[in-house]
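These notes concern the structure reproduced below.
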Amino acid sequence: MTPSRTYSDPDAIARIADLTLRSRRLAEGAISGQHRSPFLGFNIEFASYREYSPGEDLRRLDWRVFARSDRHYIKQYEQESNVRVTFVVDASASMAYKGTRAALSKFDYAATLVVSLALLLVRQQDPVGLVLFDEEATEALPPNATQAQIVAMTAQLERCAPGRTTDLGGLLRSLAGQLKRRSVVVVVSDMFTDPEPLYDSLNRLRFQGHEALILQILDRDELELPFDGPTIFKDIEGDEELFAEPWAFRREYRKAMEEFLENVRRECGQRGYDHVRFVTDEPLADALSVFLHSRLDADRAARQGGRA
């Protein structure tokens, strides 16, 4: 009997409780959230002035400007807004892999990461949704900002049994046609998929005003091929098997893996998608804390640069 899985990591949740995950692109939504919007409204961040029109709320008048200019001006603000976040989680067979040094499979690590971030986002009052996929979308929950949504997402992840092959590009192309509001699409995958359809679909999402964040999940054994002695290597998403001595092709394998990782990093960077790599032997609490702190630091530096 397969032991039950749980994707609640109290240490990770506690480590990121005081952090935020914000959209890096302008997003529309209600004024109660954390995210700057291009639509002007009543809230915290000052944007500019405009002349007062009769009938407007006098509380929005800037009396200091009136004292200097003897003219009535209204403060305009950048409306802060909620952002809708959809987690697109790879449930193909390759995500079931668990190496010799990891406590969790790639899928279990990814699912725990998603639940931790979803809890953080719901606390920010940001709606979160979930799409599980392999060759197609197998489960989907539309975004919602309630604790009940976290329970439903966790239940779907716990029921999932990774299998079959991956068609991430096709899934994202379909998703691009379904998203009606601007969203952050968080792709959680090992990225072992056909790259061109993937990048074409990500381009379509970006063209439609959505933001893409790629969280790549890998196992240390996949990076280093540490095996010694004769080993059977099996294509986990196919039927091919290879009996070989790892030392005979370890150097070529590592070179190919480095080229693959560099290609993913370069393509995401050039196309404007944020990309972060997680390795499953790293404690999730540490990895999430580093990720969120680095993102906040980058956002702060960008804002300071914009004001220079």
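Quick look at the values:
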item: Candidate set: segment 87-98, residues that are in a loop (DSSP other than H, G, I, E, B) and open to solvent by 10 Å² or more (accessible area, probe 1.4 Å); chosen: the one farthest from residue 138 (Cα to Cα); result: 98
item: Among the residues listed as 252, 259, 245, 240, the single one being open to solvent by 40 Å² or more (accessible area, probe 1.4 Å), at pLDDT 90 or above and farther than 30 Å from residue 178 by Cβ; result: 259
item: Within segment 128-140, tally of residues that are open to solvent by less than 40 Å² (accessible area, probe 1.4 Å) and over 16 Å from the mean Cα position of the chain (by Cα); result: 1
item: Residue that is farthest from residue 195 (Cα to Cα), among those in segment 225-237 that are open to solvent by less than 60 Å² (accessible area, probe 1.4 Å) and at pLDDT below 55; result: 229
item: Filter result for residue 120 (closer than 19 Å to residue 9 by Cβ, in contact with a Leu (Cβ under 7 Å, 6 or more places away or on another chain), in a strand (DSSP E or B) and modelled with pLDDT of 80 or more); result: no
item: Extreme residue, surrounded by the most Cβ atoms within 10 Å (Cβ to Cβ), among residues of segment 271-293 that are more than 28 Å from residue 203 (Cα to Cα) and in contact with a helix residue (DSSP H, G or I) (Cβ under 7 Å, 6 or more places away or on another chain); result: 280
item: Any hit, segment 198-221, residues being open to solvent by 70 Å² or more (accessible area, probe 1.4 Å) and under 17 Å from residue 93 (Cβ atoms); result: no
item: Residues being modelled with pLDDT of 75 or more and polar (S, T, N, Q) - total across segment 45-95; result: 4
item: In segment 155-175, residue farthest from residue 109 (Cα to Cα) [restricted to those that are among the aliphatic types (A, V, I, L, M) and buried (at least 18 other Cβ atoms within 10 Å of the Cβ)]; result: 175
item: Pair list, Cβ < 7 Å and 6+ apart or interchain, from segment 13-35 residues that are open to solvent by 50 Å² or more (accessible area, probe 1.4 Å) to residues that are at pLDDT below 50; result: 26/38; 28/39; 31/41; 31/42; 31/43; 31/79; 31/80; 34/80
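The rows are residues; the columns are (1) modelled with pLDDT under 95; (2) within 20 Å of residue 92 (Cβ to Cβ); (3) in a strand (DSSP E or B); (4) over 18 Å from the mean Cα position of the chain (by Cα).
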| site | (1), (2), (3), (4) |
| --- | --- |
| 107 | no, yes, no, no |
| 110 | no, yes, no, no |
| 116 | no, no, no, no |
| 126 | yes, no, no, no |
| 142 | yes, no, yes, no |
| 149 | no, no, no, no |
| 153 | no, yes, no, no |
| 161 | yes, yes, no, yes |
| 166 | yes, yes, no, yes |
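The values are calculated or read from the model by the stated rules, or taken from the named source; none is laboratory data. Computed from a predicted model, the values in this text were never measured in an experiment. Virtual Cβ from ideal backbone geometry, glycine too; neighbours counted across all protein chains shown. Side chains included, ligands, DNA and RNA excluded: accessible areas come from the protein's heavy atoms. Shrake-Rupley method; radii C 1.70, N 1.55, O 1.52, S 1.80 Å.
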